[in-house]
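K.L.:
Got a structure for you, written out below as structure tokens; questions coming shortly.
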Amino acid sequence: MSERERSSRQPVEEQPVGVDELLARVRLDLDRLTPEEAYGTAESGGLLVDIRYAALRERDGLIPGALVVERNELEWRLDPQGSHRAPEATGHDLRVVVVCNEGYASSLAAASLRQLGLRHATDLVGGFQAWRAAGLPVVAAGA
């Protein structure tokens, strides 16, 4: 039996953590970006990925050029090897900046993308709300 088979059959005994602790842990591995840094990343070929749900996009608008992917589809759409990947998911070296509403869910989402091998995945500190407050471009949904 291989090591992988053995490890998949034995339960992992880890102490449960709360979401605040989990968030703190995953952020240790992320080089989180300010709105201005995220804007620069997009300008230099990086991919902004908006994971906010539709009601927030309708209410607050969109970041021009950002790929909109619902959170529950994120891994399938961004996996460069996946059969359901978005055309923008060109490789594991892609610089991805995940954007949620306020910068919490995006950290967990970026960590998940890193587990898929997207080693440059990170998120936007403060999320879309920080982007908008910084006066960066926003367009109305459907525009």
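K.L.:
Please go through the range 111-143 and pick out each residue that is open to solvent by less than 50 Å² (accessible area, probe 1.4 Å), modelled with pLDDT of 95 or more, touching a strand residue (DSSP E or B) at 6+ places or on another chain (Cβ under 8 Å) and in a loop (DSSP other than H, G, I, E, B).
P.N.:
118, 121
K.L.:
Something else: Kindly provide the set of residues from the range 89-121 that are closer than 17 Å to residue 52 by Cβ and of a type outside the set (Gly, Ala, Ser), ordered by number.
P.N.:
96, 97, 98, 99, 100, 101, 102, 104, 108, 113
K.L.:
Hey, can you tell me all the residues within the range 60-82 that are among the small types (Gly, Ala, Ser) and at pLDDT 95 or above?
P.N.:
Taking the range 60-82 and keeping what is among the small types (Gly, Ala, Ser), we get 61, 65-66, 82.
Within the range 60-82, 61, 65, 66 qualify.
The values are calculated or read from the model by the stated rules, or taken from the named source; none is laboratory data. Since this is a predicted model, take the numbers as computed values, not measurements. FYI the Cβ positions are ideal-geometry reconstructions off the backbone, even for glycines, and counts take in every protein chain you see. Heavy atoms of the whole protein, side chains included, go into the accessibility calculation; ligands, DNA and RNA do not. Shrake-Rupley method; radii C 1.70, N 1.55, O 1.52, S 1.80 Å.
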